[in-house]
Structures are given as C-alpha cells and as structure tokens.
Amino acid sequence: SKSLKERLEELIPLKQEEIKQVKKEHGAKSLGNVTVDMVYGGMRGIKGLIWEGSVLDPEEGIEFRGLTIPDCRKRLPAADGGEEPLPEGLFWLLLTGEIPTKEQVDAISAEWAARSSIPSFVEDLIDRCPNTLHPMSQFSLAVTALQHDSSFAKAYQSGVNKSEYWQYAYEDAMDLISKLPAIAGRIYRNVYKDGKVPSIEMDKDYSYNLAKILGYSEDKDFVELLRLYLTIHSDHEGGNVSAHTMRLVGSALSDPYISFSACLNGLAGPLHGLANQEVVRWILKMRDEIGDAPSDETVKGYVWKTLKSGKVVPGYGHAVLRRTDPRYEAQREFALKRLPQDPLFKLVSQLYNIVPGVLLEHGKTRNPWPNVDAHSGVLLQHFGLVEQNYYTVLFGVSRALGVLSQLIWDRALGFPIERPKSYPTEMIRKMFNEQ
Ligand code: AMX
C-alpha cells in the first residue's frame, strides 16, 4: 500500500485544481459582513481563514475531515488489544481526508520511532534549564533549537522551487512530531524526576513511547488514555490561538519548527491551553477548602466565590462551542468506564451538574458548558501524573498533529503571507461620523 507521502503527492494536484475552480466560480462572493464590534471583539465570527483538517460547529462540536470524535473512536485503527484510536491514524486522516488501514498506521508508528532522536545540543539545552522554568517555556525553546536541522529552511536558502516547498515542510513535520516525545519526556524527567530518560522502542506506537518516556507505560489504561488524549486535542479548526499563530508565522515561510514554537507560546496562555493546569489547581483548592465530599450547595458557593472575585471558572465556556465539548464527553466516558470511583472524577462530575447553572445565573458567559480542559487534568492525576504545570505540554504534543498537517497543506497550496487590514480607533470614528 501507499505511504503517506505518496498519497499526499497524488492528492495535492487535485486540491490545487479544486481551489482554482472554487476561486473561479465563487471568488468574488461575500462570506459575510464585518462589523466594528467584530473587529473590537477579537475578530469573533469573521470568516477569514481556510483550514482543511477540521471544522468546529457550535452545536455539533469538532469534526476531523467530517468525522466526529465518536466516529474517530469507532473508525480509526486501535492498537492491538486496545480500543482507543491511535493518533497516527488521526494524523493520516487530517492530512488526506482518508481513514488509514492498520498497516498504514503501523508504518507511521515505525517511521516516527525511527526519526525520534534529538541532537545532543538540544538535550544539553533542556538539561541546563532551571527546574523553575515553566515546562511550556522549555518545550518552546527546545522546539526552536531543533530548527538547526530544518530541511525547509535549508531548501529555501538553496533556492528551491516553490512547488517543492511542501515536501520539505512534510519532512520537517514528520521529524518534529517524531522528536516531541524525546523533548517532552526529557523536560518531565528533569523537572519532576531524576533526569534519567528511558529510550524509545522502535516497534511500539507513539503514545506507548511517550508513556514510556514519562514513566507510565506499564499501566495499559494510561497508554490508552494517552492515545485518546493525543487524538482529541490535535485540531480545533483554524482560528484558535495556537492554530492561527502557527498559520500566521508559517505564512512568512518561517520553517515548521519556529512556526510550531510560536504555536506553543500561544497554547501556553491561561485562556487557551494552560486552562488544563488551571482547572486541576482550582479543583484541588476547592477540595482543600470544602473537603472531598462537599454538598452541592457548598460547591455552588465555591463557584460563586470564584466569579465574585473577578476570575473565570477554568474549563468552562468557549469562543465557538455552545454545548458540552465532545472532547469533554469522550474523556468522561473514559473515566466512567475505567475510573468511576476516583474521588477527583466525582468532584468533576459534581461540578458538571452545578457550574453551568451558576454561569447561566451569572449571565455573562455565552457558553456555560465545560470544554476539553475541564476533564483532562483529572484523568492524568488518577494515573499519578500529578504535576499540573506539565499538562499543557501534552496538549502541545497533540496539537502538533493538527497544525503541522495544515502547515504542509499551506505550503502545498501556496497560501500567501497573511496581512489583514487594521485601523486606529480615530479612523473608525471618522469613517462613520462623516457619513
Ligand atoms: N467563567 C467566568 N466568566 C466567563 C467564563 C468562565 N468560564 N467564560 C466566559 N466568561 C465571561 C468572559 O470573561 C466575558 O466577560 P467580560 O464581558 O467581562 O469580558 C463574558 O463571559 C463573555 O465571554 P464569552 O463570549 O462567553 O467567551 P469568549 O469567547 O470571550 O472567551 C473563553 C472564551 C474560553 C476564553 C472563556 O470562556 C474563558 O475564559 N473560559 C475559562 C478559561 C478556559 O477554560 N479556557 C480554555 C478554552 C479551551 C481551550 O482553548 N483550550
């Protein structure tokens, strides 16, 4: 059967042709009106990006190339003896729009394992970071340093033809994804353990190897959790901070490493990926204050206290979604099946019953339902991965699959440098006062 790159090579001219047609037929049509409120409001609702891998419907949630999360859990290949989808398969799906065979997925696992080693200077760089430097900063710094070996940057310098850019972006993307477990694992071992980093096994899948390097591969349920986790955090269409940053920086033909490093810096913000760390911190604080079997009334009081002190309830709300995040639901199903008695999971479930009502009563939040981050940390806690500051690193490993697959397409489709128009407030006033 075909390799991923071979399949992509066949698909690219078809997509290029499709886009040519779409532009010819619909190029001059409007996608909607842009109001002044939208421009002041973080561009919410402005339809301004093309993103092939996934679409986020406010009511249905995320679809990866038309597949919902329950579809992916049913249809993407699982590991031998496992149930959850292998993220390798999701990467194939995101890139091609096609569901791979188990054989094709196994080939990706083997390729990622084979490309997994990192240069010794990057190891040294990570080892020299003080333990007090946030794991996300170490992550971003190490990814930037990997740029040393970027084939895209080298090809650009040597004057390669535009039509070949995607091939170098592809090689960098594959290398970068392959090296993330070694980087993420080293950071974890340095900051929280004795700094000894186990080696990757060439005949194992990506999630197993990441679990191994972190020190949790003996627990089969943890490995399964990681497969699910890496699948569901991968992509959330193009406008979220991490994805859009990747696209924007890449549009300057910055190579995949430095583009992804920028993406990670965006993911490290507390309103975005860092929310998973904030959620656990907030729940543990709640437990310290009101105990681990609080009444609903006491929990309600704690939620109100957070809101009244001018803080957000982490893990709730979303810029686009208007329902419980299907990524939350998938994790809840996992917990109900494998850790129903876990005391922190019980608190998470209790919050699920209480927080939406409080947020509705509070009346500000457009979406009172939980997002992906309301659940992920508690699952990791259950398996002993209790270091909250580390959680966003795992989110980042997963996000690489989504944003790098799109970056390959960006280069294949020859997308231009991004450059939206901006105005100062004074010009907005003049524009309309003079009418
Ligand atoms: N708790 C309290 N207030 C909230 C809230 C929450 N969970 N979610 C939204 N609000 C408030 C906003 O702060 C805003 O208040 P303001 O008018 O005083 O500025 C108001 O409700 C309206 O906001 P919105 O339109 O509902 O949301 P948004 O699109 O501006 O922001 C998000 C979306 C996710 C940043 C916001 O819901 C939030 O801060 N949630 C908590 C942090 C979080 O869980 N982030 C993770 C999101 C998922 C991800 O990216 N990983």
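Taking the square roots of 5 times each eigenvalue of the Cα gyration tensor of region 52-204, largest first, gives ellipsoid semi-axes of 29, 22, 17 Å. Listed by Cβ neighbour count within 10 Å, with the fewest neighbours leading, Lys102, Lys179 appear as Lys102, Lys179.
Just want the ordering: Glu52, Glu60, from fewest to most Cβ atoms lying within 10 Å of their own Cβ.
Fewest-to-most ranking of Glu52, Glu60: Glu60, Glu52.
Per the Kirkwood formula applied to alpha carbons, the chain shows a radius of gyration over Rh ratio, Rg over Rh, of 0.97. The residue among Leu141, Cys129, Gly42 whose Cα reaches farthest toward the positive pole of the charge dipole of region 19-144, with charges on the beta-carbon of Lys, Arg, Asp and Glu, is Gly42. Where a ≥ b ≥ c are the square roots of the eigenvalues of the C-alpha gyration tensor, would you call region 263-384 rounded, which needs a/c under 1.5, or, failing that, prolate if a/b is larger than b/c, or oblate? The shape class here is rounded. Around the Cα centre of the chain, unit charges on the Cβ atoms of Lys, Arg, Asp and Glu (plus for the first two, minus for the last two) sum to a dipole of about 1220 debye. Quick check on region 372-435: take the gyration tensor over C-alpha atoms, sort the square-rooted eigenvalues as a ≥ b ≥ c, and tell me if it's rounded (a/c under 1.5), prolate or oblate. The shape class here is oblate.
Summing Cβ point charges (Lys, Arg +1; Asp, Glu -1) relative to the Cα centre of region 127-286 gives a dipole of roughly 500 debye. The GluC sites (Glu not before Pro) of region 135-221 meeting both criteria, a DSSP state outside H, G, I, E and B (loop) and at most 10 other C-beta atoms within 10 angstrom of the site's C-beta, are Glu218.
Which residue, chosen from Pro181, His362, Ser3, occupies the Cα position most advanced towards the positive end of the dipole of the chain, where the dipole is computed from +1 (Lys, Arg) and -1 (Asp, Glu) charges on Cβ about the Cα centre? My answer, from the dipole projection, is His362.
The residues Thr35, Thr245, Thr144, when put in order of fewest to most other Cβ atoms within 10 Å, stand as Thr35, Thr144, Thr245.
The trypsin sites (Lys or Arg not before Pro) of region 352-435 that DSSP puts in a loop, and whose beta carbon has at most 15 other beta carbons within 10 Å, are Lys364, Arg366, Lys421. Once the Cβ-Cβ distance of Glu218 and Ala114 is raised to the sixth power relative to R0 = 35 Å, the FRET efficiency obtained is 0.90. State whether region 17-75 is rounded, prolate or oblate according to the following rule on the C-alpha gyration tensor (a ≥ b ≥ c being the square roots of its eigenvalues): a/c under 1.5 gives rounded; otherwise a/b larger than b/c gives prolate, and the remaining case gives oblate. It is oblate, given that a/c is not under 1.5 and a/b is not larger than b/c. Shown in residue order for region 414-421 are the 3J(HN,Hα) couplings computed by the Karplus curve 6.51 cos²θ - 1.76 cosθ + 1.60 at θ = phi - 60°: x, 4, x, 4, 7, 7, x, 8 Hz (x for Gly and Pro).
For the pair Ala293 and Lys47, a Förster radius of 51 Å applied to the C-beta separation gives a FRET efficiency near 0.60, rounded to the nearest 0.05. Across the options Ser242, Gln16, Leu210, the greatest Cα extent toward the positive end of the charge dipole of the chain (unit charges at beta carbon of Lys, Arg, Asp, Glu) belongs to Ser242. Placing one equal scatterer on every Cα of region 149-257 and applying the Debye formula, the log10 ratio I(q)/I(0) at q = 0.12, 0.19, 0.21, 0.24 Å⁻¹ is -0.56, -1.06, -1.13, -1.22. Placing +1 on the Cβ of every Lys and Arg and -1 on the Cβ of every Asp and Glu, with no other charges, gives region 302-390 a dipole of roughly 280 debye about its Cα centre. Region 385-435 and region 12-84 have Cα centres spaced 14 Å apart. Simple spin-label estimate for Met431 and Thr35 gives 1.5 nm between the two label positions (7 Å along the Cα-to-Cβ direction from each Cα). Counting only complete DSSP H runs, which helices of the chain cover 27 Å or more along their long axis at the Cα atoms and score a mean Kyte-Doolittle of -1.0 or above? The answer, listed by residue number, is 165-192, 343-362, 391-412.
Only the coordinates and a few stated rules stand behind these numbers; no lab work does. Everything quoted here is computed from the prediction, not taken from an experiment. Every residue, glycine as well, gets a Cβ built from its backbone with ideal geometry; the counts of neighbours run over all protein chains shown.
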